[in-house]
Structures are given as structure tokens and as C-alpha cells.
1. Considering the stretch 210-259 alone, what residues qualify as being in contact with a Lys or Arg (Cβ under 6 Å, 6 or more places away or on another chain) and modelled with pLDDT of 95 or more?
2. Would you say residue 197 is modelled with pLDDT of 95 or more, within 30 Å of residue 163 (Cα to Cα), among the β-branched types (Val, Ile, Thr) and surrounded by 11 or more Cβ atoms within 10 Å (Cβ to Cβ)?
3. Does residue 83 fit the bill of being in a helix (DSSP H, G or I), touching a Leu at 6+ places or on another chain (Cβ under 9 Å) and free of Cβ contacts under 8 Å to residues at least 40 places away in the same chain?
4. Looking only at the stretch 73-97, filter to residues that are under 20 Å from residue 61 (Cα atoms) and of a type in the set (Ser, Thr, Tyr); which one of those is most open to solvent (accessible area, probe 1.4 Å)?
5. Could you please find all residues in the stretch 105-136 being in a strand (DSSP E or B) and open to solvent by less than 40 Å² (accessible area, probe 1.4 Å)?
6. Can you run down the residue pairs with Cβ atoms below 6 Å, 6 or more apart or on separate chains, where the first is in the stretch 241-260 and within 14 Å of residue 50 (Cα to Cα) and the partner is open to solvent by 20 Å² or more (accessible area, probe 1.4 Å) and of a type in the set (Lys, Arg)?
7. List the pairs whose first member sits in the stretch 124-143 and is of a type in the set (Lys, Arg), whose second member is surrounded by 13 or more Cβ atoms within 10 Å (Cβ to Cβ), and whose Cβ atoms are under 9 Å apart, counting only residues at least 6 apart or on separate chains?
8. Quick one: how many residues across the stretch 202-243 are under 15 Å from residue 76 (Cα atoms) and of a type in the set (Val, Ile, Thr)?
Amino acid sequence: MQQLQTEVTTGLASNTREHLNGSYAQLTDIERNISVLTGYRTVGNEARIAIDTMQATLTGMQSRTSDLAANLHLATQAAGQTSLELATQDAETVFRSVVSALNASVAGRALFSGVASDSAALANADALLNSLRTAISGETTLTGVDAQLYSWFNMPGGGFETIGYQGSLDEGNPFKLADDVQISVALKADKQEFRDVLKSVAKAALAMDPSLGFAPDLSRTLLATAAGELTTMQSGLVDLAAGVGLAQELVEDTTARNEAALSSLQIARNELLGVDGYEAASKLEAAQSQVELMYAVTVRASRLTLLDFMR
């Protein structure tokens, strides 16, 4: 009766061996493929979350730097110092948000660190700003400041490589989405587009730093050039987002294909192990009737005694 209850509830045979007459080959193959596709489903979900987070990071970075460029441009056109001070404060806020975004992680996996996914991609914003502040200290011209910033961010062995970037030089491990499909989004925080963003935003953030003592004209010029640079680099961020978008599309297409195949296999397994629901219910009802009859007979027999019979 327990076996019949299982069959009525699940619609599947409770005794697989008997139902298949000992022939397991087809069932084994189906269940192996279901197991493989279930694993790909898990990887696909991880890939979707990671790549969606990357896309959100790029979208947010583009939006924040575009707004900052506009604010810097307006500030440099104003006559007073207050607007310039507010603009540098805005730039520092954006710098910190960009660093935080590039240090994003999903399920303990740093997204922009390459193979070194167990550690943040960049040092914290304070460490970066302190190192940059030291690098440009003593400069009195735009050319001098730009040269020091370029050296810090781009020269081998410069500050970015020794202090800023903490990830791996190697790209992260790819996501295997299917037997014939794997995807790796080659986005690390040391990518040139990210270095350029950080460099221009840092230039604006430090333009009026009291400890650097830049002349007012130099501060204004630094803010103006940072605004122009940030405006120019928007197209590069758009291109990066477009590349991530293609990866998103591949993940969605492959996941949909896997889900369709998994559904087909589950249907095939159910057809292979399925039982006639009406027949199983009828057998269950008959078994229940037999059990009830057995209980009734047992109870009645337990009450029979010689004394009761003689009465």
C-alpha cells in the first residue's frame, strides 16, 4: 500500500527494477544527462549574476563620470571658488564609488581581479589618493601633474601596479555553460579604460587639495582638463558595456537551450517511469479495503472467547 501511495502521489513507479524489467540503460543515460544539465544550470545562474553585476558596474560608472564631467565643466565656467570646491568634493565621491564598484564581488568572488578572485581588485580609495597625492606633490604646472599621473597609472612598476591593483595579471576562469559553450569576460580593474577613468577623476578630486597648495589657475585648469577627458572616454565605457551585453546574450541563449533540453529529458524520464494513475489509484483502493478487512477480522477474532461462545 505504501508503494501504491507513492505511485499515486508521484505518478512514477516505486519499483524501478520491476517496472523496467531490469533494463536500466536508457534511464541511466537520461539521468546522467539531467545531472549534467542541472550542473550547467547552476553555472549559468552564477555567470548571469556575475555578468549582470559587471554590466551594472559599467552602467553606473558611465553615468557617474558623465554627470561629473558636466558638473566640472559648469564649475570651471563659474566665477567663484565655491563651485570649484563643491566640484572637487563631487569628484572625490565619484572616485570612491568607482573604486568600490571595481572591488565588487558576487558570492565571495571578486569580479575584476582576474584569477585572484579571492581578493579585492584595488586597494582602498584612501590608500590610492594618498599615494597619488604624494606623486603629484611639488608640481606647479599642468604638464607636471599630468606627467606624474600618467607615470603612476601607466608606467611598468608605477604606483598603480605596485600599490593600486591587487588582482591577477591572468584573466578569470571561464564559465562552462554547456558541452560546447564557455564564456570568460575579460574585464579586470587594470584595464586601460578603468585606469583612465580613475586618473581623470583623481585629478579632479585632488585639484584643490590644501596639502598640495596648487595655484588657483592651476586648480581650475586641472578641473577643466579632467572634465574634457571624462567626456572623451565615455565612448570607451560604452564599448565595454556593449561587449558585456554580448556575453549576457550568450548566457541567456545557452541557458534557455539547456532548460529546454532539461525539460525534454525530465519528460522522457517521467514517460519511462510513469504509471497509469487510474490503475494505481484502483489498486490502492483495493489494498486499503483489504487492510481494513484484515483489521476488522483481527479485532473480531480478538474478542472471541470460550465464555462468550457458551453465552
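The values are calculated or read from the model by the stated rules, or taken from the named source; none is laboratory data. Note that the structure is a prediction, hence the values are computed from the model and not measured. Cβ coordinates were reconstructed from backbone atoms using ideal geometry, including for glycine residues, and neighbour counts include every protein chain displayed. SASA here: full protein model, heavy atoms, side chains in, ligands and nucleic acids out. Shrake-Rupley method; radii C 1.70, N 1.55, O 1.52, S 1.80 Å.
1. Our first condition is that a residue be in contact with a Lys or Arg (Cβ under 6 Å, 6 or more places away or on another chain); within the stretch 210-259, this holds for 222, 226, 251.
Listed by number, the residues that qualify are 222, 226.
2. yes
3. Considered against the rule, which asks whether it is in a helix (DSSP H, G or I), touching a Leu at 6+ places or on another chain (Cβ under 9 Å) and free of Cβ contacts under 8 Å to residues at least 40 places away in the same chain, residue 83 comes out as yes.
4. My answer is 93.
5. First pass over the stretch 105-136, keeping only residues in a strand (DSSP E or B): 105-106, 109-110, 122.
Selection gives 106, 110, 122.
6. Pairs that qualify, where the first residue is within 14 Å of residue 50 (Cα to Cα) and the partner is open to solvent by 20 Å² or more (accessible area, probe 1.4 Å) and of a type in the set (Lys, Arg), are 251/48.
7. 133/206; 133/209; 133/212
8. Residues flagged as under 15 Å from residue 76 (Cα atoms) and of a type in the set (Val, Ile, Thr) within the stretch 202-243 amount to 3.
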